[in-house]
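Since the structure comes first, as structure tokens, the remarks are kept for the end.
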Amino acid sequence: MRVMIFGATGLLGRALMREWQSDEVTGLGSKDADIRVVEQVNAAIREYRPEYAVLAAAYTDVDGCEIHSQLAFDVNCHGAANVANACAQENIPLLFLSTDYVFDGNKRTPYETDDPIDPQTVYGKSKAAAEAEIRKIHPAYCILRTSWVFGVGGKCFPDTILKLAETKADLDVVNDQRGNPTYTVDLARAIIQLCSKGARGTVHATNRGDCTWFDFAARIVAEANMKTRVRPTSSDKFVRPAKRPQYSVLSSRSLAELGLEMPTWQDASRRYLAERSLRTP
Ligand SMILES: NC(=O)c1ccc[n+]([C@@H]2O[C@H](COP(=O)([O-])OP(=O)(O)OC[C@H]3O[C@@H](n4cnc5c(N)ncnc54)[C@H](OP(=O)(O)O)[C@@H]3O)[C@@H](O)[C@H]2O)c1
């Protein structure tokens, strides 16, 4: 099968390009096709004639989106609609990457795929608007919501923590936001399987288990055998332009219904550290 990945130069996209060996994959970054430009999207689809498309391209700077809201909607919503239109015209099934930020963060049990959405940030609103556009435009869609993505080869939470831990004796990390860390390698493998199963509708895919950012940081520092003390703190000590959800745990039920299960986040953290030490010079 010929597969096209929009966003192949990003954190997840690079893992997808490495993991996806079973099909003929073409990966595009923003220089190859800017998804805001209809002609560029259509030209890419015409040139490579994919039989399946994955849309991982997005403006993902959550705080940046609050300041540059037009850019957020141009890329995340209108760009996604351009890709959905191009795929719909050619009957190409589309898997779209969405986010836990479409929810309000007020629940205290895992979010199911059919829970009402109520995004609280510009980023979340732009992705929620994209979901709605895609459902309207293209019958053959799979909307995959994920969260707290980390992996080798880009900026991510554990990488930031490990770099800080090299120079600091103490690190304060928020302990009042709960979610599911998700390793790019495991997410890429899940996407490949979802694609081969022809999954449709809305699916939640994260590593198994949930934790706070403090738990995640403490685990990473301990596994890396570093001496830094990780201390719990609260979100009011780290005020940022975009409000973070207090609780954005995604239920694994939809994935289980498709016969898939992802490894735990603790197992994923260990493999991330091993991969990072191999790839870091
Ligand atoms: N990171 C997370 O924690 C997280 C959580 C939930 C959901 N997601 C979703 O997962 C997907 C992948 O995230 P990620 O962390 O891998 O993102 P990322 O590392 O920020 O990469 C973003 C990708 O989008 C491309 N892109 C940006 N603007 C574009 C444009 N105008 N036209 C075409 N391509 C454009 C970038 O291309 P260039 O680099 O070539 O410019 C890059 O390949 C996104 O849809 C994101 O919303 C991420």
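The values are calculated or read from the model by the stated rules, or taken from the named source; none is laboratory data. Here the structure is a predicted model, which is why all the values come from computation and not from measurement. Ideal geometry is used to build each Cβ from the backbone, glycine not excepted, and the neighbour counts take in all protein chains shown. Areas reflect the complete protein model, heavy atoms only, side chains present, ligands, DNA and RNA absent. Shrake-Rupley method; radii C 1.70, N 1.55, O 1.52, S 1.80 Å.
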Legend entry - Nitroxide proxy distance, nm - points 7 Å out along Cα→Cβ at ALA43 and ASP61: 2.6
Legend entry - Exposure rank, largest accessible area first [MET226, MET262; 1.4 Å]: MET226, MET262
Inset, instruction - In whole Hz, with x marking every Gly and Pro, tabulate ³J(HN,Hα) for the range 49-63 from phi via Karplus 6.51 cos²θ - 1.76 cosθ + 1.60, θ = phi - 60°. - result: 6, x, 9, 7, 10, 10, 9, 10, 6, 6, 8, 9, 6, 4, 6
Inset, instruction - Among GLY64, GLY259, GLY105, determine the one that fluctuates most according to a GNM of the chain built with springs between C-alpha atoms less than 10 Å apart. - result: GLY259
Inset, instruction - Provide the per residue accessible area, probe 1.4 Å, for the range 207-247, rounded to a whole number of square angstrom. - result: 59
Legend entry - Label-zone membership for the range 92-124, site GLU261, 7 angstrom Cα→C-beta point, backbone N under 19 Å: 110
Inset, instruction - Starting from the amide H of VAL173, placed 1.01 Å from N in the peptide plane, find each other amide H under 5 Å away whose residue is 5 or more places distant or on another chain. - result: ARG231, THR233
Inset, instruction - Could you please state how large a percent of the accessible area of the range 196-281 is carbon and sulfur, counting protein chains only and using a 1.4 Å probe? - result: 50
Legend entry - Cα-based Rg / Dmax (Å) for the chain: 18.3, 56
Legend entry - Cross-link partners of LYS155 among aspartates and glutamates (Cα-Cα below 17 Å; sequence separation of 8 or more within a chain): ASP61, ASP63, GLU166, GLU275
Legend entry - Extended-chain gain in nm, criterion 0.36 nm per residue less alpha-carbon gap, LYS136 and THR109: 6.8 nm
Legend entry - Other-chain or far-sequence residues with amide H under 5 Å of PHE103's (modelled H): ASP118
Inset, instruction - Please identify, among SER252, SER126, SER234, the residue showing maximal mean-square fluctuation in a Gaussian network model of the chain using a 10 angstrom Cα cutoff. - result: SER234
